[in-house]
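Have a look at the structure below before the remarks.
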Amino acid sequence: MKQRKLRVTVEGKQYEVLVEDITSGDKSQGAPRAVSTSAPAAAAAPPPPPPKAASSGPAGQEARIAPLAGIVTAVYVKDGDVVKAGDKVCEIEAMKQKNDVVAHRAGTVKDLSVKVGDAVESAQVLMNIV
């Protein structure tokens, strides 16, 4: 039987596995043999999810939410600052990787609710941009 070494990803973890093609060959081989697996392969960190926007408050006001859980390591804006879409507004560290959070739209920063050192959850409101 022909064996192939493959890499599979299960719930974000990569594993190297050795598989056998049992569809061809002698059918008198008996019970299938065990497939060996090796330790998880080193996987590159997945890219951060795309920025999300959620409505919050009065019409025309939008919240900038955290794209992932982590610790706020930098805040580049303060209440009243005018930002353009794509401007860095803060930085969140997750699993020793720093991720820039950018403004999802142009406007004025209102209700800034985080500071350096704060722990944030995914989808937590960081600020409003109106």
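Of the residues that sit in region 70-100 and are hydrophobic (A, V, I, L, M, F, W, C) and at pLDDT below 95, which one is farthest from Met127 (Cα to Cα)? Explain how you work it out, then say what you get.
First pass over region 70-100, keeping only residues hydrophobic (A, V, I, L, M, F, W, C): 71-72, 74-75, 77, 82-83, 85, 89-90, 92, 94-95.
Cutting the leftovers down to at pLDDT below 95 gives us 85, 94-95.
Numbers: Ala85: 14, Ala94: 19, Met95: 23 Å.
Result: Met95.
Looking at region 33-55, can you tell me whether even one residue there is within 18 Å of Glu121 (Cβ to Cβ), modelled with pLDDT of 65 or more and of a type in the set (Lys, Arg)?
no
Of all residues in region 1-23, which are out of contact with any strand residue (DSSP E or B) (no Cβ under 6 Å at 6 or more places or on another chain) and not in a strand (DSSP E or B)? Talk me through it step by step, then tell me what you get.
At the first step, the residues of region 1-23 found to be out of contact with any strand residue (DSSP E or B) (no Cβ under 6 Å at 6 or more places or on another chain) are 2, 9-12, 21-23.
Answer for region 1-23, where residues must be out of contact with any strand residue (DSSP E or B) (no Cβ under 6 Å at 6 or more places or on another chain) and not in a strand (DSSP E or B): Lys2, Glu11, Gly12, Asp21, Ile22, Thr23.
Listed here are the residues, each with its yes/no results for (1) assigned to a strand (DSSP E or B); (2) within 13 Å of Arg64 (Cα to Cα); (3) not charged (D, E, K, R).
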residue: Val77; (1), (2), (3): no, yes, yes
residue: Gly80; (1), (2), (3): no, no, yes
residue: Gly86; (1), (2), (3): no, yes, yes
residue: Val89; (1), (2), (3): yes, yes, yes
residue: Glu93; (1), (2), (3): yes, no, no
residue: Asn99; (1), (2), (3): yes, no, yes
residue: Val109; (1), (2), (3): yes, yes, yes
residue: Gly117; (1), (2), (3): no, no, yes
residue: Leu126; (1), (2), (3): yes, yes, yes
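The values are calculated or read from the model by the stated rules, or taken from the named source; none is laboratory data. For clarity, every value in this text was computed on a predicted model and none was experimentally measured. Glycine also receives a Cβ, built like all others from the backbone with ideal geometry; neighbour counts cover every protein chain displayed.
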